[in-house]
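Here's a structure for you.
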Amino acid sequence: MAGAAHCSLQAKRLLLDPKFEGYKLSLEPLACYQLGLDAAVAEVQLRDDQYTLDHMRAFGMYNYLHLDSWYQDNVYYVDQLGRIMNLSVTLDTALQKPREVFRLPTDLTACDNRLCASMHFASSTWVTLSDGTGRLYLIKSGKRGSSASEKWEIVFNEELGSPFIIAHSVSFVKSDAHSLAVLLLRVEKDELDTKGSGFHVTMEWATIAERKEGDQRYEIVKRRVLQGKSVPHYAAIEPSGDGLMIVSHKPFTFMQNESDKLEENDDAKVSNEKKDPLYYWQQTEDDVTITVHLPQDITKDDIKIHFSPDNICVTLKDQPPLMEGKLCSSVDHESCTWIIREDKSLEISLIKKNERSRWPELIIGDTRGEFILDSSQCSEIAESLMHLTSEVMNPNPEKENPPCNAQELEECDAFLEDGASLCRFDGDTLKVTHIINLGSNQYLFSVVVNPREMPCFCLRHDVDALLWQPHSDQPENMWEHIATFNALGYVQASKQDKKFMACAPDYSYAALCECLRRVFIYRQPTPLATVLYNRKEGRQVGQVAKQLVATLEANDPILGFQATSERLFVLTTKTLFLIKVNSGN
């Protein structure tokens, strides 16, 4: 990743609330509506050979409910009959049954190693669709959400190899031709990986374009493959189709053709060849001893060594100086000596001017040597550090500032995966142009706020959760902090059974659901209609944040979860639930 700009995310202080007092549990009833499904959701269980954490993250935790961000309160799912079913909501009290908008041409049950069917809404009139068997469909849908203008037509379909799920897609116009770029995710067997899980993750970035302007036929014009060792938390193509952003625990790289690969391997070999140290050095309280291995043809007359109080210069024959530079500390240069030992090595003795001083290096800035520590010095160092350690957890409990007790750490203080990074790849050079080390800023979820922009991603920041909007067309402001969910980073950590997280596109609330039944809603602070006082601090409270809990009347696991500004959609195997969170304006 040489040449990549190392960036950082800049939080807006005005969007942070250091005086946030927490969520008040609200017992107000939530209106909950449910629709029984004609046919069960087409859930695909993990097979015995899909046993890794990556399989679970990519396919076992798949969100089977798809929100169409181009149209308000419009959701889709695929049922066991291979039908794409749509529910478009205008009035909660007059809900229609989900309606069929498209039927997959293939028999889903015929393929043994299939994955779940997946889809993505690339624009207001284009949909990318996978049946889970390795076939990609490009659908022209017309304006969706109303039966009058919505008609799904296949304009492209092709077998693209092993089964995949669609991670993201965009629609754009380039060189006067309409194009779609789609990101396909696979977890594949890796025969070369003998020490790890035995699998790797690939993301194929395919571009499909019109053959010529006005021609309705489409073809694949570009296929590029990235490979990594973990399922990405977030992967999205830029609206222009020129770049790609990935948040992942382990890095991704583009796969190259064989000649590029060989060239890169040769370069790597050269850089990885470990060079032997030029010299070795040891020290006591009084002196420093340097050992240099000499070439066979060097004699005593070929060696020239110049000592000065602060410098040393060692030259062999008429070659450039072997060692030269300023010493770490002053020496008694008149007492310094050198000899050639029997094993043809040069031994130089320097007498320290300041006795009992320990040198951190020999020649300032010279990293070609190796310091050797003898056993007695190791013991001395260990003894000098003994006062900093203890065999008991808290040897002095009465101490004013006791040490941290690991047993008192809460779950929200622990991160399973430190070291996630956010990378931006250029579509032409296939190189990383920007990289951000996220460290302990744990990834939480993604949400589409504006369908014409890239999806936002939400990261934990201390106890809060911060929402970031990527702007691929603004190099100086590529990731903008647009909203804060107070204390959400802290509260979500205590929910061990959480399966999905989401938030409203207008940031009015965040929500999470467990694997079964329970849904937690965190409404952000809103002004109060009545006066409320904080008795402890004797001040008036102007706004309050609420936590609401909904328990669904279902015994089936939750398979899908989506949030809009007004309501939550929750999908189980046989039922679609609607929870009214905010009343419409």
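The values are calculated or read from the model by the stated rules, or taken from the named source; none is laboratory data. These figures come from a predicted structure and were not determined experimentally. Every residue, glycine among them, receives a Cβ derived from its backbone with ideal geometry; neighbour counts consider all protein chains shown. The area values use the complete protein model at the heavy-atom level, side chains included, leaving out ligands, DNA and RNA. Shrake-Rupley method; radii C 1.70, N 1.55, O 1.52, S 1.80 Å.
Considering each residue of segment 75-116, count those that are open to solvent by less than 20 Å² (accessible area, probe 1.4 Å) and either of a type in the set (G, A, S) or in contact with an Asp or Glu (Cβ under 6 Å, 6 or more places away or on another chain) (or both), and give that number.
4
Still on this structure, I have one more. Please go through segment 430-449 and give me each residue that is under 30 Å from D73 (Cα atoms) and either free of Cβ contacts under 8 Å to residues at least 40 places away in the same chain or of a type in the set (A, V, I, L, M, F, W, C) (or both), ordered by number.
Within segment 430-449, L444, F445, V447, V448, V449 qualify.
(1) in a loop (DSSP other than H, G, I, E, B); (2) within 30 Å of D190 (Cβ to Cβ); (3) open to solvent by 70 Å² or more (accessible area, probe 1.4 Å): which one isn't true of Y64, the others all being true?
That leaves (3) as the condition not met.
Inside segment 455-561, counting only strands (runs of 3 or more DSSP E) that do not spill past its ends, which hold 2 or more residues that are at pLDDT below 90?
By residue number, 518-534, 539-551.
Quick check on T133: is it in contact with a Cys (Cβ under 7 Å, 6 or more places away or on another chain) and surrounded by 16 or more Cβ atoms within 10 Å (Cβ to Cβ)?
Considered against the rule, which asks whether it is in contact with a Cys (Cβ under 7 Å, 6 or more places away or on another chain) and surrounded by 16 or more Cβ atoms within 10 Å (Cβ to Cβ), T133 comes out as yes.
Residue check: is L129 touching a residue at least 12 places away in the same chain (Cβ under 8 Å), in contact with an Asp or Glu (Cβ under 7 Å, 6 or more places away or on another chain) and in a strand (DSSP E or B)?
Judged against the criteria, L129 is not a match.
Another question, then. Which of the residues spanning segment 136-181 are buried (at least 20 other Cβ atoms within 10 Å of the Cβ) and either out of contact with any strand residue (DSSP E or B) (no Cβ under 7 Å at 6 or more places or on another chain) or farther than 24 Å from N74 by Cβ (or both)?
P163, F164
Let me ask another. With respect to D318, determine if the residue is loosely packed, with under 13 Cβ neighbours inside 10 Å, without any contact (Cβ under 8 Å) to a residue 24 or more places away in the chain, charged (D, E, K, R) and outside any loop (DSSP other than H, G, I, E, B).
no
Six or more apart or on different chains, Cβ atoms under 8 Å: show the pairs whose first residue is in segment 358-371 and farther than 11 Å from I290 by Cα and at pLDDT 85 or above and whose second is open to solvent by less than 30 Å² (accessible area, probe 1.4 Å) and assigned to a loop (DSSP other than H, G, I, E, B).
Pairs that qualify, where the first residue is farther than 11 Å from I290 by Cα and at pLDDT 85 or above and the partner is open to solvent by less than 30 Å² (accessible area, probe 1.4 Å) and assigned to a loop (DSSP other than H, G, I, E, B), are W359/S329.
For segment 167-179, check the following and say yes or no: at least one residue is modelled with pLDDT under 95 and of a type in the set (V, I, T).
Yes: one or more hits.
Oh, and also: Taking E263 as the residue in question, decide whether it is touching a His at 6+ places or on another chain (Cβ under 7 Å) and at pLDDT below 95.
no
Please work out which residue is most open to solvent (accessible area, probe 1.4 Å), limiting yourself to segment 335-363 and to residues that are within 29 Å of Q296 (Cα to Cα) and assigned to a loop (DSSP other than H, G, I, E, B).
Only one residue tops the list, namely E342.
Please verify whether segment 67-74 includes one or more residues that are open to solvent by less than 20 Å² (accessible area, probe 1.4 Å), at positive phi and not small (G, A, S).
yes
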